[in-house]
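Comments concern the structure below.
The values are calculated or read from the model by the stated rules, or taken from the named source; none is laboratory data. Note that the coordinates shown come from a computational prediction; the quantities given were computed from them, not determined experimentally. Heads up, the Cβs are rebuilt from the backbone with ideal geometry, glycines too, and the neighbour counts pull from every protein chain shown. Surface accessibility is based on the protein's heavy atoms, side chains included, excluding ligands, DNA and RNA. Shrake-Rupley method; radii C 1.70, N 1.55, O 1.52, S 1.80 Å.
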Amino acid sequence: MGSYESLRDETGVTLRLSGAWTVESAASLRRELLDLLAAADVARLDLAGVDDLDATFFEMVHGACLSAARDAKPFSRTGPLSDAARRVALLSG
């Protein structure tokens, strides 16, 4: 299972993920993403430390994007994309 750190600065909140974020951690990821959107006017997701993920991860992030858009809140990725995240994103389309 992955771990996370929530970092607040003057421009918003960044959820920094590390480790493995797969179907086993989907409920935890969903909860953290919803908490992030509730706590911040500007939300960012940092995937630099992600070692493993799967299509479920992208489903959870897509849901967070829809929630952010509905609430007119900026939500974006920040920082470099890990090799694992890049590889699975390419395979997932």
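Miscellaneous remarks
- Leu17 satisfies every condition listed in (1) touching a residue at least 40 places away in the same chain (Cβ under 8 Å); (2) closer than 16 Å to Val88 by Cα except (1).
- Residues that are surrounded by fewer than 20 Cβ atoms within 10 Å (Cβ to Cβ), within 18 Å of Phe75 (Cβ to Cβ) and of a type in the set (Gly, Ala, Ser) within region 37-50 comprise Ala38, Ala39, Ala48, listed in sequence order.
- Members of region 67-83 found to be exposed (fewer than 13 other Cβ atoms within 10 Å of the Cβ) and not in a helix (DSSP H, G or I), listed by number: Asp71, Ala72, Ser76, Pro80
- Answer residue from region 51-66, given it is at pLDDT below 95 and open to solvent by less than 20 Å² (accessible area, probe 1.4 Å) and is nearest to the chain's Cα centre (by Cα) among those: Phe57
- Matching residues, region 1-36, being crowded, with 20+ Cβ neighbours inside 10 Å and among the hydrophobic types (A, V, I, L, M, F, W, C): Leu15, Leu17, Trp21, Leu29, Leu33, Leu36
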